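The values are calculated or read from the model by the stated rules, or taken from the named source; none is laboratory data. Remember, it's a predicted structure, so these values are computed and weren't measured experimentally. Glycine also receives a Cβ, built like all others from the backbone with ideal geometry; neighbour counts cover every protein chain displayed. The accessibility values were calculated without ligands, DNA or RNA, using every heavy atom of the protein model including side chains. Shrake-Rupley method; radii C 1.70, N 1.55, O 1.52, S 1.80 Å.
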Amino acid sequence: MTREGKKEIMRKVAEALSGLNVGFIHLDPGELHKVYDIAKRYGLDFEDAIHYYCSLSVNAEMISNDSDLKKLGTKF
């Protein structure tokens with residue numbers, strides 16, 4: 001997709017995201033130890049572990065093209 005023009009990329013992204021419910025999740029500082037545990041358990045960097053933890057905490061499906069998160073396979 002990166003070889004396509006900007007308009008075509010934006011059209012495809014908009015199409016892929018149509019109907020997708022995206023929101024914000026509050027992460028309490030007291031939960032950071034859980035994020036750390038996930039990072040250590042799955043070999044993720046802290047940012048990826050935050051995304052993974054937040055998706056678990058609200059029982060949401062996570063969509064990513066991040067190669068580290070893809071390694072988790074069906075875990076999310």
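Of note:
- Taken over region 23-41, the criterion of being of a type in the set (Asp, Glu) and in a helix (DSSP H, G or I) is satisfied by GLU31, ASP37.
Quick grid of which residues meet (1) touching a residue at least 24 places away in the same chain (Cβ under 8 Å); (2) within 23 Å of VAL13 (Cα to Cα); (3) open to solvent by 50 Å² or more (accessible area, probe 1.4 Å); (4) within 9 Å of the chain's Cα centre (by Cα):
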site	(1), (2), (3), (4)
ASP28	no, no, yes, no
ILE38	no, no, no, no
GLU61	no, yes, yes, yes
SER64	no, yes, no, yes
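- Residues (more than 13 Å from GLU31 (Cβ to Cβ) and in contact (Cβ under 8 Å) with a residue 12 or more places away in the chain) located in region 46-59: ASP48, HIS51, SER55
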